[in-house]
């Protein structure tokens, strides 16, 4: 299966096919370097040229300026020039930091996404958002920089443990709630094929990216569950919660907030909790954690003038973006008002 992203800031193919990486783990990209993490490297070391590979410690904790600088230094030592290609082989952390390195190395070189997690396949590898974390907030330093191509091989998902797989399903559930009620129903019945799910999610994201490549309007809907989710990741310490787990918490909190505000339909939160539980994701709210995370909301990238653009579900399969007062959100999160 193939999809084409045709955005104002970049056009490229998303290739979704089983076993496309079996014989050639690295796409034909001329002179290249690979950024991966220690877990992925262990799985594919025999298929990689070690002299062309930069290996980062696995986990969200590596998505920082120190590791970014290490990538850039290695690219320089390898003699990489502006006609060469950087390949991101791994999950969302690798895609984000490698993409950011490609965006700024010699003012920009080509990069290719080869996602190895479900979350990266359905979400982070598509759309050109690249970034690193700051101590005070997730993805606070970054750029918009589209890849040259995305290669998604569902067979590599067999290497994932159940927790990593579930984290990817959180983003799949997000797509169902914001844009595809039929996908949502398939997930509820547990009747789906993973290749088709990857295709559907990429199709939805491609449409958002094409309409709003710089995330200033409708594309914000892709952040359903992320405003609170990012805050949870920040205060809990990067790595305690996988990104998808934090998004699950954020979606449940957003559903309860939407109901409390009269925007989301009654019962959405209970339905969301049941679906999250079905896919082994966090499905209850830790009030103490939410209260701690409330302070990080004001630092969200979309916060301005005491408000933050907050994504809510007005009906399953359809999202709206509301400019909510940060104090309103934090009152619910800290328990001053009931979620």
Checklist outcome for this item: Going through (1) out of contact with any strand residue (DSSP E or B) (no Cβ under 9 Å at 6 or more places or on another chain); (2) modelled with pLDDT of 95 or more; (3) within 20 Å of residue 166 (Cα to Cα) one by one, residue 254 fails only at (1)
Checklist outcome for this item: A careful count of residues in segment 58-70 that are assigned to a helix (DSSP H, G or I) and either modelled with pLDDT of 95 or more or over 19 Å from the mean Cα position of the chain (by Cα) (or both) gives 7
Checklist outcome for this item: Note on segment 1-47: residues over 22 Å from the mean Cα position of the chain (by Cα) and without any contact (Cβ under 8 Å) to a residue 40 or more places away in the chain are 23, 24, 28, 42, 45, 46, 47
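Quick check on my filter: what residues within segment 13-51 are in a strand (DSSP E or B) and surrounded by 19 or more Cβ atoms within 10 Å (Cβ to Cβ)? Let's see the steps before the verdict.
Initial filter on segment 13-51 (in a strand (DSSP E or B)): 13-16, 32-37.
Hits for segment 13-51 are 14, 16, 32, 33, 34, 35, 36, 37.
What's the total number of residues in segment 265-313 that are part of a strand (DSSP E or B) and either touching a residue at least 12 places away in the same chain (Cβ under 8 Å) or over 30 Å from residue 216 (Cα atoms) (or both)?
The qualifying residues number 8.
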Next on the checklist: Consider segment 110-119. How many of its residues are closer than 17 Å to residue 281 by Cα and in contact with a strand residue (DSSP E or B) (Cβ under 8 Å, 6 or more places away or on another chain)?
Outcome noted: 1
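Within 14 Å of the chain's Cα centre (by Cα), outside any strand (DSSP E or B) and not assigned by TED's automatic domain parsing to the domain that holds residue 279: does that describe residue 96? So that I can check it myself, show each step before the final result.
Values: within 14 Å of the chain's Cα centre (by Cα): yes; outside any strand (DSSP E or B): yes; not assigned by TED's automatic domain parsing to the domain that holds residue 279: yes.
For residue 96, the condition - within 14 Å of the chain's Cα centre (by Cα), outside any strand (DSSP E or B) and not assigned by TED's automatic domain parsing to the domain that holds residue 279 - is met.
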Next on the checklist: Every residue in segment 26-57 that is more than 26 Å from residue 83 (Cα to Cα), modelled with pLDDT under 95 and touching a helix residue (DSSP H, G or I) at 6+ places or on another chain (Cβ under 8 Å), please.
Outcome noted: 43
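Taking segment 143-157 on its own, how many of its residues are farther than 22 Å from residue 248 by Cα and out of contact with any strand residue (DSSP E or B) (no Cβ under 9 Å at 6 or more places or on another chain)?
1
Just checking, does segment 252-261 include any residue being within 20 Å of the chain's Cα centre (by Cα), in contact (Cβ under 8 Å) with a residue 60 or more places away in the chain and either part of a loop (DSSP other than H, G, I, E, B) or assigned by TED's automatic domain parsing to the domain that holds residue 189 (or both)?
Within segment 252-261, the first condition is being within 20 Å of the chain's Cα centre (by Cα), and the residues that meet it are 252-255.
Narrowing further to those that are in contact (Cβ under 8 Å) with a residue 60 or more places away in the chain: 253.
Filter once more, keeping what is either part of a loop (DSSP other than H, G, I, E, B) or assigned by TED's automatic domain parsing to the domain that holds residue 189 (or both): 253.
Yes: segment 252-261 contains one or more residues that are within 20 Å of the chain's Cα centre (by Cα), in contact (Cβ under 8 Å) with a residue 60 or more places away in the chain and either part of a loop (DSSP other than H, G, I, E, B) or assigned by TED's automatic domain parsing to the domain that holds residue 189 (or both).
One line per residue, one yes/no per condition, for (1) free of Cβ contacts under 8 Å to residues at least 12 places away in the same chain; (2) in contact with a strand residue (DSSP E or B) (Cβ under 9 Å, 6 or more places away or on another chain):
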| site | (1), (2) |
| --- | --- |
| 141 | no, yes |
| 159 | no, no |
| 190 | no, no |
| 203 | no, yes |
| 217 | yes, yes |
Item to check | Residue identified as closer than 27 Å to residue 63 by Cα and touching a residue at least 60 places away in the same chain (Cβ under 8 Å) among 224, 241 | outcome: 224
Checklist entry - How many residues are surrounded by fewer than 15 Cβ atoms within 10 Å (Cβ to Cβ) and modelled with pLDDT of 90 or more when one looks only at segment 292-321? => result 3
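The values are calculated or read from the model by the stated rules, or taken from the named source; none is laboratory data. Just so it is clear, the structure is predicted and the values come from calculations on it, not from any experiment. Quick reminder, even Gly has a Cβ in these numbers, built from the backbone with ideal geometry, and neighbours come from all protein chains shown.
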